[in-house]
Amino acid sequence: MITRRQFMQKGAVAAGAATAGMAVAANLLSTGEIRADARNAPGADSNLPPGQPDVDYRPVVTPNNPKLPWKMVEGVKVFHLVAEEVEHLFAPGLKAKCWGYNGSVHGPTIEAVEGDRVRFYVTNRLPEPTTLHWHGLLVPNGMDGVGGLTQHIIHPGETYKYEFVLRQHGTFMYHPHHDEMTQMALGMMGLFIIHPRGIDQAPDRDFAILLSEWKITPGTSRPDPNEMTEFNILTMNAAVYPATEPLVVKQGQRVRIRFGNLGAMDHHPIHLHGYSFCVVDTDGCPIPAAAQERGATVLVPVGSTRTIEFMADAPGDWAMHCHMTHHVMNQMGHGALNLIGVDTEKIDDKVRSTLIPGFMNMGQAGMGDMGEMGMDVPRNSIPMVGGQGQYDPITMGGMFTILKVRPDLTSYDDPGWYQHPAGTLARLATPEELKRDGISG
Ligand SMILES: [Cu+2]
């Protein structure tokens, strides 16, 4: 039998052994028992110099989302977040007046290093009060950002200051903790990535994706914060396919993908094609190698982060998406009539001749036909399915993106569609093959 204490100590030793020098001390803070001490010493100064990109850490990539810039002031990393209304494009055809930070929806990704002292100024340019909560971070209570409970709310026009030392590494998030239902439904959230100190253990490619869900009634341009169940826009970093930027990786690289979920109601089982991966971290808590779950799908619950790693040994265009099938469809797929198997030709004729010229019912043979390009949709809305693929339309939109693994890359720009080597592509069976194998089509 192994006691919990022994288990934690082994984890601490393993984590420490992976790095060197002062980084060991910093990593020890990531184990539960030592964390309690760190939390109780909120005024303690960090002895570590501010971590520098490409020296102390390999920067994370957040597709479709910018990074929050910072400047050094007397050894402190200083950031400025401005909460404000932002006109946001989810995909060509669908724009909405959202709330975000610094002109971005979601807010820009914050990136720092364990041991850094960070200072955040938060300016409120919204029409109502707000606060900022550092989700998953071990901070002094008065820096936790819960309106009314741990601080005064930030009124419109005011700028508040938060300051603390980062005592852990992993994948975290930020969001307001005042009128949460409205402010988060309108887009106010972001990723907060804290790297361990030292680039040796860093993966070759490190991506971060924040999952969320929205209700934008077709034809309107405001997310509806009152919605509890019928979300019709499911996003990765506030984009829907085909606007989600692909994850571009060179074959043989070690890849990390971090997922966070700050949607209102839904957990998302994210499925990656072509690979099995290890779940290496939950909510910024590293999992010892022997305890890591392996799989091809990771469930990312609301209010949580999950981080996976794998070796990208297989080239191709690999789908990565939420496996809730209603979460890989866009707006116009929701609230549609179920017409599968119905002959609507007579109804269409009548509606066309008397009511709406050009009217056409959709979906008699399934919903795939709604993916045809050029389909008419209401103003400011997008069809339910994705975009044109290499061979045919891709009938997934929403929470869908593509991992593009290539043997030869000179840049991480989108390399286009994967060219399948001869003999490795599914195709129409020939009459000779059918006859040879005794298959009647
Ligand atoms: Cu989902």
Residue in region 205-214 that is more than 17 Å from the chain's Cα centre (by Cα) and either within 16 Å of the ligand (Cβ to nearest atom) or in contact (Cβ under 8 Å) with a residue 40 or more places away in the chain (or both) present: no
message: With the requirement that a residue be out of contact with any Pro (no Cβ under 8 Å at 6 or more places or on another chain) and either within 13 Å of Leu272 (Cα to Cα) or modelled with pLDDT of 95 or more (or both), what does region 318-329 give you?
response: Trp318, Ala319, Met320, His321
task: Working only within region 198-224, note down all residues that are in a loop (DSSP other than H, G, I, E, B), under 20 Å from Val105 (Cα atoms) and of a type in the set (S, T, N, Q).
output: Thr217, Thr220, Ser221
- request: Provide a single number: the residues in region 179-202 that are surrounded by fewer than 20 Cβ atoms within 10 Å (Cβ to Cβ) and either touching a Ser or Thr at 6+ places or on another chain (Cβ under 9 Å) or closer than 20 Å to Ile308 by Cα (or both).
  value: 5
Lone qualifier among Leu132, Leu126 - being in contact with an Asp or Glu (Cβ under 9 Å, 6 or more places away or on another chain), free of Cβ contacts under 8 Å to residues at least 60 places away in the same chain and buried (at least 21 other Cβ atoms within 10 Å of the Cβ): Leu126
field: Hits in region 376-434 - residues which are basic (Lys, Arg) and either surrounded by fewer than 15 Cβ atoms within 10 Å (Cβ to Cβ) or within 16 Å of the ligand (Cβ to nearest atom) (or both)
entry: Arg379, Arg427
field: All positions within region 393-421 that are on the phi > 0 side of the Ramachandran plot and either over 24 Å from the mean Cα position of the chain (by Cα) or in contact (Cβ under 8 Å) with a residue 24 or more places away in the chain (or both)
entry: Gly398
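Residues to consider are Phe90, Phe79, Phe164; find the one that is modelled with pLDDT under 95 and assigned to a strand (DSSP E or B).
Numbers: Phe79 fails: modelled with pLDDT under 95; Phe164 fails: modelled with pLDDT under 95.
Checking each option against the conditions leaves just Phe90.
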task: Looking only at region 111-125, decide whether some residue is more than 16 Å from Pro69 (Cβ to Cβ) and assigned to a strand (DSSP E or B).
output: yes
message: Condition check: more than 23 Å from Pro378 (Cβ to Cβ) and part of a loop (DSSP other than H, G, I, E, B). Does Glu227 satisfy that?
response: no
field: Failed criterion for Ile194 (all others in (1) touching a Phe, Trp or Tyr at 6+ places or on another chain (Cβ under 9 Å); (2) part of a helix (DSSP H, G or I) hold)
entry: (2)
query: Out of (1) of a type outside the set (S, T, N, Q); (2) at pLDDT 95 or above; (3) more than 30 Å from Asp313 (Cα to Cα), what's the single condition that is false for Asp224?
result: (2)
query: Looking at region 230-239, is at least one residue surrounded by fewer than 22 Cβ atoms within 10 Å (Cβ to Cβ) and hydroxyl-bearing (Ser, Thr, Tyr)?
result: no
query: How many residues does region 304-324 hold that are within 16 Å of the ligand (Cβ to nearest atom) and within 20 Å of Asp414 (Cα to Cα)?
result: 3
- prompt: Just to be sure, is Pro242 under 23 Å from Gly386 (Cβ atoms) and at pLDDT 95 or above?
  reply: no
- line: Within region 263-307, restricting to residues that are modelled with pLDDT of 95 or more, surrounded by 16 or more Cβ atoms within 10 Å (Cβ to Cβ) and of a type in the set (Asp, Glu), the one that is nearest to Phe172 (Cα to Cα) is Asp283
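The values are calculated or read from the model by the stated rules, or taken from the named source; none is laboratory data. Since this is a predicted model, take the numbers as computed values, not measurements. Cβ coordinates were reconstructed from backbone atoms using ideal geometry, including for glycine residues, and neighbour counts include every protein chain displayed.
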